[in-house]
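A quick write-up on the structure given underneath.
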Amino acid sequence: MALFIQRLAFLTAAAVLLMAGSPVFSAEKAGSLDTLRQYVADLKKNPENAELREKLIKYAQTLKQKPPFPEDYERHLSRGSAYAKMADDAAGYQKAIEEFRAAITLAPWNADAYESLAEIQEKAGLFAEAIQSLNFTLLANPGAKNAREIKNHTYELEVYAEDAKQALKSSPNVVIQLPPPTPVKVAPVAKKRVTPEKKTNPKAFVGNWFYKDTAPRGGEKITSQAFTISMGSDGKIVAAAPRRSTGAVGTVTVFELDDDSIRIQVTWKLATVPSYWKTEDYDLTLFDNESKLKGSYRIKSSGKGEYAEDKVFFKQ
């Protein structure tokens, strides 16, 4: 009996030592919350990236501790609910949508804001967007008691979305006829030789222009095409939007050329969502021996705020 007690005491002591020597890992030390914050930051830059949003929601569900909701999340959610109650026209619906989207930006893993957003999108006739919001609702809360009801409602919305679907024609190119060069006048009293002001050759703008951007998952840089500029045999400059894999069709709605500067606006539409629109504005100037363009790049779209940053564009 004494021998048994000694062995039991030894095993107990060994277990205590092993437990004391074992490392204790926390989500914060492992960087899980930091990774989630990085995903949120990336999503803010590209809120239309459904793949990144889905990955973020799934990643949040792997955390041992549920991520906290910022106070501003509760504020935007409550403001959206207030606007939704008052809304009786497109402008009212839009205010509610903007507030719900602002809430989702702060906590993209929470199901409540997606469900509220889907409800107001449906009232606004944005059926395809409402379907997407409901799908994110189920992804964020797969065990919801009304999951079956939500899924069936997405099938109902498919009918409305299909009925509202419109075919879009290809983007027409915007053509600009370059004005004749302004003659340089020399005053009769001038004795010194006047050198005409150097003008930029419009051919410097011709080409497929691209820019570098951060990949949705962070880290690596990806190359995206912004627009194409070409010149015909008659000297006309033509600007065109690139093709996008998302199915969006772009139209060049503004094209202005002023010596070494250029302004282009591309408006995007989706055939599956008639109410959707997005504009990309470029105010750029040639530099680096006319091989690159540099300036502001602004994005604005339906239901979202405006985003702007400076970028460098290059030809390939």
How large is ³J(HN,Hα), in whole Hz, for each residue of region 87-100 in order, when computed from phi with the Karplus curve 6.51 cos²θ - 1.76 cosθ + 1.60 and θ = phi - 60°, using x for Gly and Pro? 5, 9, 8, 4, 5, x, 4, 5, 4, 5, 4, 4, 5, 5
Region 220-302: radius of gyration and largest Cα-Cα distance (Dmax), Å: 14.1, 43
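Structure shown: which of 55/85; 212/278; 123/151 lie over 22 Å apart, alpha-carbon to alpha-carbon?
On the way: 55/85 32 Å; 212/278 20 Å; 123/151 18 Å.
Listed pairs above 22 Å: 55/85.
Once you list every other residue whose beta carbon is under 9 Å from the beta carbon of residue 87, what net charge do they have if Lys and Arg are +1 and Asp and Glu are -1? All intermediate terms of the calculation are to be shown ahead of the outcome.
Details: positive: 85, 95, 123; negative: 88, 89.
Local net charge: +1.
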Could you please report the charge total around residue 139, scoring K, R as +1 and D, E as -1 over all other residues with beta-carbon less than 14 angstrom from its beta-carbon? 0
Take peptides 41-54, 257-270 and line them up by average Cβ neighbours within 10 Å, highest first, as a rough protection proxy. 257-270, 41-54
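Per Stokes-Einstein, at 10 °C and 1.306 mPa s, what whole-number D in µm² s⁻¹ belongs to region 60-172, with the Kirkwood radius over Cα pairs as the hydrodynamic radius? Before the final figure, lay out the partial values.
On the way: Rh = 15.0 Å.
In µm²/s, the coefficient rounds to 106.
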Computed Rg/Rh of region 106-150, alpha carbon atoms with Kirkwood Rh: 0.96
How far apart, in nm, are the 7 Å Cα→Cβ label points at residue 254 and residue 204? 2.2 nm
What is the extension gain from residue 224 to residue 315, computed as 0.36 nm multiplied by their sequence separation minus the C-alpha to C-alpha distance, in nm to one decimal? 31.6 nm
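Where a number appears in this text, it was derived from the coordinates with a stated rule and is not lab data. Please read these numbers as outputs of a predicted model, since none were measured by experiment. Note that we place each Cβ from the backbone using ideal geometry, even for glycine, and neighbour counts take in every protein chain shown.
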